[in-house]
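Enquirer: Supplied in structure tokens, the structure appears directly below.
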Amino acid sequence: MSDKAKLKIKDKEIELDLIVGSENELGIDISALRANSNVITLDPGYKNTGSCQSSITFLDGEKGILRYRGYSIEELAEKADFLEVAFLLIYGELPNKKQLDKLLSDINENSLIDEDIKKILENFPKSAHPMGILSSLTSALIAFDPLAVDVNSEDDMYDAFVNILAKIPILVAWVYRRRRGLPLDYGDYSLGYVENITKMMFQLPNSEYVQNDTLVNAINKLLILHGDHEQNCSTSTVRIVGSSHAGLFASISAGISALWGRLHGGANQAVLEMLEAIENDGGDTKKYMAKAKDKSDPFRLMGFGHRVYKNFDPRAKIIKVAADKVLDELGIDDPILEIAKGLEKEALEDQYFVDRKLYPNVDFYSGIIYKALKIPNEMFTVMFALGRLPGWIAHWREMRKNKEPIGRPRQIYTGENLRNFTNIESR
Ligand code: CMC
């Protein structure tokens, strides 16, 4: 097979290199296109555009495959610990015991946050959305640790990664606890990373904390499933913000904002609100299926469809099984799980969804688990952010290590041509 592509622009033919990925995906290298032809490509939403070469995550949307650094998501979700997966995503290999212990101990050493951050938190209205608060507080951390901004060497990067892996869970726990009016603390560093997160969130001041293994295991699994998803909206945001040499914290803060949207990570909150609305409306799933298909109705079946998956999202399959297990172990009989299963069945048999290859995505069942764990709706996307943190870090590191140029797309200008200024009296 030729390793070149040919592009004919008017009467000029240009040869372009073909890039072959390790799973044989093909890309046309257009990096010199404009220099050679004065032409750019136009691809709104970047549906056909690769922004980088990456060795972190492989995703085959047609076959429903997801792998982190070569390991299948199914195996990682079954066997791994979230902190191991974080190390794997960032550094490319599973850590040995010594490396993992060192990472946890370094995280623990960095697990103090300036108490003034609490004052900032306290000044947000109680009604503020937790994603907005988390993004702001992540950005605010920079003011308390300006040296973490300009990191270039591998050692400095490691310090910044450990710092943010240590501090974000505390911020998440604080945001959650403040909503519930509970005191804010710093957790228990005799515990593992996920165990500590759950304790920081759920410990009550008037009773001894007893770890709930169902809760810890479910959160561990969800965090792993959210760990990375190659060049999604928030990760691309982190890479593009970082490409201007903004620091890690600023880049992650921007990633959190991107994740917040309902078409991205915010879908998990939107799914649960949708399922609750259907339940309150008598559980008539057919009515909502019809709304989803009606082009004059803005309603979409939240938790369905994906830019890349044109088959089952493998994460959704794992989460569906986990949702059944968690509800069973906790003895919860939640009617919205049945509504969700009913919607899924109808959608998978419906021509509209079949034609458009719309399947349940990662967000369809995750909210049902979070609800069973008594995590409020507004916190769902925050949990997603906690899981996506190592993915964002891994991409930020890869982008900086590859010395990628500043991200700066072009455009086709469609505005006015040159015209003369008119004085205000004449307008
Ligand atoms: N309900 C009804 N119709 C849909 C849906 C849906 N959930 N998703 C896509 N469609 C239709 C869409 O109207 C369009 O129809 P047509 O070809 O007739 O105009 C077609 O399917 C293609 O959709 P699109 O919006 O062009 O596809 P996209 O790749 O730009 O968008 C998506 C992908 C995920 C934003 C979209 O499927 C969606 O809005 N889903 C609901 C929100 C959601 O669950 N988001 C979570 C995504 S996964 C997790 C994450 O990214 O964080």
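Enquirer: Considering each residue of segment 172-191, count those that are assigned to a helix (DSSP H, G or I) and in contact with a helix residue (DSSP H, G or I) (Cβ under 8 Å, 6 or more places away or on another chain), and give that number.
Expert: Here the count works out to 8.
Enquirer: For segment 303-319, indicate whether the set of residues that are crowded, with 21+ Cβ neighbours inside 10 Å, on the phi > 0 side of the Ramachandran plot and in contact (Cβ under 8 Å) with a residue 60 or more places away in the chain is non-empty.
Expert: yes
Enquirer: Report the residue count in segment 224-252 for those that are within 12 Å of the chain's Cα centre (by Cα) and assigned to a helix (DSSP H, G or I).
Expert: Summing the residues that are within 12 Å of the chain's Cα centre (by Cα) and assigned to a helix (DSSP H, G or I) in segment 224-252 gives 10.
Enquirer: Residue under question is Gly247, and the condition is that it be out of contact with any Phe, Trp or Tyr (no Cβ under 8 Å at 6 or more places or on another chain), closer than 30 Å to Thr138 by Cβ and modelled with pLDDT of 95 or more; does it hold? First the steps, then the outcome.
Expert: On the way: out of contact with any Phe, Trp or Tyr (no Cβ under 8 Å at 6 or more places or on another chain): yes; closer than 30 Å to Thr138 by Cβ: yes; modelled with pLDDT of 95 or more: no.
Judged against the criteria, Gly247 is not a match.
Enquirer: Being assigned to a loop (DSSP other than H, G, I, E, B) and either within 9 Å of the ligand (Cβ to nearest atom) or small (Gly, Ala, Ser) (or both) is the filter here, so list the residues in segment 303-341 that pass it.
Expert: Going through segment 303-341, the residues assigned to a loop (DSSP other than H, G, I, E, B) turn out to be 303, 305-313, 330-334.
Gly303, Gly305, His306, Arg307, Val308, Tyr309, Asp313, Gly331 - these are the residues of segment 303-341 that are assigned to a loop (DSSP other than H, G, I, E, B) and either within 9 Å of the ligand (Cβ to nearest atom) or small (Gly, Ala, Ser) (or both).
Enquirer: Let me ask something else. Can Val271 be described as modelled with pLDDT of 90 or more, aliphatic (A, V, I, L, M) and surrounded by fewer than 16 Cβ atoms within 10 Å (Cβ to Cβ)? Write out each step before concluding.
Expert: Numbers: modelled with pLDDT of 90 or more: yes; aliphatic (A, V, I, L, M): yes; surrounded by fewer than 16 Cβ atoms within 10 Å (Cβ to Cβ): no.
So Val271 fails the test.
Enquirer: Next question, about the same structure. For Ile107, are the conditions met, namely being aliphatic (A, V, I, L, M) and either exposed (fewer than 14 other Cβ atoms within 10 Å of the Cβ) or not in a loop (DSSP other than H, G, I, E, B) (or both)?
Expert: Judged against the criteria, Ile107 is a match.
Enquirer: Name the one entry in Phe380, Phe353, Phe384 that is more than 30 Å from Asp213 (Cβ to Cβ) and buried (at least 19 other Cβ atoms within 10 Å of the Cβ). I'd like the intermediate steps shown before the answer.
Expert: Details: Phe380 fails: more than 30 Å from Asp213 (Cβ to Cβ); Phe384 fails: more than 30 Å from Asp213 (Cβ to Cβ).
Answer to the check: Phe353.
Enquirer: Could you list, in sequence order, all residues of segment 245-302 that are of a type in the set (A, V, I, L, M, F, W, C), touching a helix residue (DSSP H, G or I) at 6+ places or on another chain (Cβ under 7 Å) and more than 10 Å from the ligand (Cβ to nearest atom)?
Expert: Residues satisfying the conditions are Leu248, Phe249, Ala250, Ile252, Ala254, Ile256, Trp260, Leu272, Leu275, Ile278.
Enquirer: Filter the helices (runs of 4 or more DSSP H) completely within segment 342-415 down to those with at least 3 residues that are of a type in the set (Ser, Thr, Tyr) and either within 16 Å of the ligand (Cβ to nearest atom) or touching a Leu at 6+ places or on another chain (Cβ under 6 Å) (or both).
Expert: 363-372
Enquirer: Is it the case that Asn96 is without any contact (Cβ under 8 Å) to a residue 12 or more places away in the chain and not small (Gly, Ala, Ser)? Let's see the steps before the verdict.
Expert: Values: without any contact (Cβ under 8 Å) to a residue 12 or more places away in the chain: yes; not small (Gly, Ala, Ser): yes.
Yes.
Enquirer: Let me ask another. Can you pull out every residue in segment 287-302 that is part of a helix (DSSP H, G or I) and not basic (Lys, Arg)?
Expert: Scanning segment 287-302 gives Tyr288, Met289, Ala290, Ala292.
Enquirer: Out of (1) of a type outside the set (Asp, Glu); (2) touching a residue at least 12 places away in the same chain (Cβ under 8 Å); (3) more than 15 Å from Leu386 (Cβ to Cβ), what's the single condition that is false for Leu215?
Expert: (3)
Enquirer: What number of residues in segment 59-71 are within 18 Å of the chain's Cα centre (by Cα) and farther than 13 Å from Asp313 by Cα?
Expert: Selection size over segment 59-71: 2.
The values are calculated or read from the model by the stated rules, or taken from the named source; none is laboratory data. In this text the structure is predicted, and so the values were computed from the model without any measurement. In this analysis, Cβ positions are derived from the backbone assuming ideal geometry, glycine residues included, and neighbour counts consider all displayed protein chains.
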